1. Between a residue in segment 275-295 that is surrounded by fewer than 17 Cβ atoms within 10 Å (Cβ to Cβ) and any residue that is in a loop (DSSP other than H, G, I, E, B), which pairs come within a Cβ distance under 6 Å, given they are 6 or more apart or on different chains?
2. Report, by residue number, each residue of segment 187-206 that is on the phi < 0 side of the Ramachandran plot and under 20 Å from the mean Cα position of the chain (by Cα).
3. Which is loosely packed, with under 15 Cβ neighbours inside 10 Å, in contact with a helix residue (DSSP H, G or I) (Cβ under 9 Å, 6 or more places away or on another chain) and outside the structural domain of residue 275 (by TED's automatic domain parsing), of 394, 346?
4. Would it be correct to say that residue 43 is under 18 Å from residue 422 (Cα atoms), at pLDDT 95 or above and surrounded by 22 or more Cβ atoms within 10 Å (Cβ to Cβ)?
5. Using the structure shown, decide if residue 170 is over 30 Å from residue 67 (Cα atoms), out of contact with any strand residue (DSSP E or B) (no Cβ under 7 Å at 6 or more places or on another chain) and surrounded by fewer than 20 Cβ atoms within 10 Å (Cβ to Cβ).
6. Condition check: surrounded by 18 or more Cβ atoms within 10 Å (Cβ to Cβ), on the phi < 0 side of the Ramachandran plot and more than 23 Å from the chain's Cα centre (by Cα). Does residue 310 satisfy that?
7. Filtering segment 212-223 down to residues that are more than 17 Å from residue 175 (Cα to Cα) and in contact (Cβ under 8 Å) with a residue 60 or more places away in the chain, which residue is surrounded by the most Cβ atoms within 10 Å (Cβ to Cβ)?
8. So residue 415 passes all but one of these: (1) in contact (Cβ under 8 Å) with a residue 60 or more places away in the chain; (2) in a loop (DSSP other than H, G, I, E, B); (3) surrounded by 17 or more Cβ atoms within 10 Å (Cβ to Cβ); (4) in contact with a helix residue (DSSP H, G or I) (Cβ under 9 Å, 6 or more places away or on another chain). Which condition number does it fail?
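The values are calculated or read from the model by the stated rules, or taken from the named source; none is laboratory data. It should be emphasised that the depicted structure is a prediction, and the values quoted were computed from it without experimental measurement. All Cβ positions, glycine included, derive from the backbone under ideal geometry; neighbour counts span all protein chains shown.
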């Protein structure tokens, strides 16, 4: 049985990890061949490809183990590596590059334990086409290589940034960095000391701004987004989560929004902090999302998601302190605005927002990805959608699945599975490692069960 995995980031690697664990634990398991396809190295994409040690996880170590049943495995690994000691390790926000190394280490160990029951190889190329051939799949890569498999896992995630904000095509501008997570993309900016405009004010901006401000004592960074909202900070110490009983919260957006606000306010009164309330709601998000109709989901995405996300996806405490210090000193400015013009000038790029016009040495794009997967321009996703091998929810947030098994345009399950970001339409809360690792474990078990069912 050959399984092709498109995507070698966290999601794809976690699927292979759990496949290896399952076949290693079963003496009767049918040998598996896994082919992983990605144009960049394993666990080296937008989230974990950074090498800057100041770029930290925004989930503490106790929530980042590769195996959901071994909650403190990453905690123990951080201690063993000497990053942190004692009880502080549980609430340690590790460098993202170190978590990537941890995942690669655990993946290699799992594959070794699987022995001859699992062979895994990596094809460094981009997948551009998918077809169903008989009961299996055929994946075509950018260089024309054809990979036949019995099952396919789409673990592409979403691109790190989008360009919907741009009023014109900036692709030919040398002082515009379209994607800061591409290898060495920021090197020319870091080598310069000119002022930088960062588009976006989320977690990507936080990491980029920290790197930029370290690279020059006089550099000034300005960050702009339509809302001008910064992610909130994690508390300095672990406060726990208070998971609510949502059985009486209703089925409409208005009812659920009011119930969430009441729950969070109650927890803040009881504990003196809103964070345990928000973190408790996280465990109920998929259930609550499932109650909403299409209209309410659209309203949430357009009008409320931004306010929720800045509270849900927060900065590590140390990153928050760096941001606060930079803002107090005037070296980091965060503002709301809409860019209406960008023009190249000898000194860099002049940006117009309303009646305001300012010139920057560089522009770095840190906006979120295009939310509609139908408009991403991802060739492999376009391929499965165009062929009717998959379809999306009405908002285009993700693919329609049956617990991760992709349904075709007629609603029938085929030989394709997915996880992570591509399930946002049906789960919403599905982009962080705590959710992805559980999905990967369930997906691997589903694949193994499907293999057994076809013996």
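1. Qualifying pairs under 6 Å: 283/243; 286/429; 291/251; 294/394.
2. 198, 199, 201, 202, 203, 204, 205, 206, listed by residue number.
3. Step by step, each of 394, 346 is checked, and only 394 is loosely packed, with under 15 Cβ neighbours inside 10 Å, in contact with a helix residue (DSSP H, G or I) (Cβ under 9 Å, 6 or more places away or on another chain) and outside the structural domain of residue 275 (by TED's automatic domain parsing).
4. Taking the combined requirement at face value, the residue does not satisfy it.
5. no
6. no
7. Only one residue fits best here, namely 213.
8. Every listed condition holds for residue 415 apart from (2).
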